[in-house]
Amino acid sequence: MGHEWIDAEKEFKWSEDVKVESEVTEIVLVRHGETTWNAAGRIQGQIESDLNEVGQKQAVAIAERLGKEERPVAVYSSDLKRAKDTALMIAKTCFCPEVIEVPDLKERHVGSLQGLYWKEGAEKEPEAYSAFFSSQNDLEIPGGGESFDQLCDRSMNALEQIAKKHKGERVIVVTHGGVLRAIYLRITQASSAGKLLNASVNVVHRRDEKWIIDSWSDVSHLSSVGFLQRGFDGDAKV
């Protein structure tokens, strides 16, 4: 059904007296459902970690919510499994034929912190831990990690490419806490993004070459399944 819509759009010709009321592109950014490592307070980065039972219920809840809203023309996802599994549930409910993987939407590589518990990061990898929370945005995390600027650049570039392809349309993008934080801070230039909660809905608009935050960290759809209160917070040491 989705492919038929695309073919029809290609064949459609605007008459001169038809005006496009809005050229707003709406991107619904979703953080993946809770994982076993989220629940344990373990640092994932780009290491794979499966959705746990709560995370699967969260994915179902968010899919049901988005399935009742305006139908998206496409669903995009990070290529990490926790995001893809969440995206697949959403795509099915929203009648999208596929999930389009975008590697640049994956979580930040946090170097030698990956695999550690947050509570032991400062002691076991002090340099990497300090670099992660540093206000020096071009500082790469020891152990092969990215700088915050590198994360921002690839995250926003991915978002720009999606918006360019879907001008005036609505799409869903499933990604990670670090990526969401990068997008929020790059758009708003704020000092903090606050907590980025699992399976939250975060809506951004693109219009006239400008990004606008429409809503952020909405978890109203999770009232029956619950969520981790601590969320992802790269602005404050755990």
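The values are calculated or read from the model by the stated rules, or taken from the named source; none is laboratory data. For clarity, every value in this text was computed on a predicted model and none was experimentally measured. Note that we place each Cβ from the backbone using ideal geometry, even for glycine, and neighbour counts take in every protein chain shown. Please note that ligands, DNA and RNA were not included when accessible areas were found on the heavy atoms of the full protein model with its side chains. Shrake-Rupley method; radii C 1.70, N 1.55, O 1.52, S 1.80 Å.
Anisotropy class assigned to the range 40-89 is oblate, per the alpha carbon gyration tensor with a/c at or over the 1.5 cut-off and a/b no larger than b/c.
Under 20 °C and 1.002 mPa s, how fast does the range 84-158 diffuse according to Stokes-Einstein, given a Kirkwood radius computed over C-alpha pairs? Answer in µm²/s, whole number.
Translational D for this selection: 151 µm²/s.
Using only C-alpha atoms and all pairs of different ones, pull out the Kirkwood radius for the chain in Å with one decimal.
Roughly 18.4 Å, rounded to one decimal.
Over the range 159-238, the hull volume per residue, using the convex hull of the C-alpha atoms, is 96 Å³. Excluding ligands, DNA and RNA, the accessible surface per residue across the range 65-216 is 46 Å² with a 1.4 Å probe.
With the full set of protein chains in place, find how many percent of the accessible area of the chain is carbon and sulfur; take the probe as 1.4 Å. Walk me through the numbers before you get to the answer.
On the way: 5850 of 12130 Å².
Whole-percent figure for carbon plus sulfur exposure: 48.
May I ask for the net charge around T36, where only other residues with Cβ less than 10 Å from the Cβ of T36 are counted and Lys, Arg are +1 while Asp, Glu are -1? So the surrounding residues net to -1.
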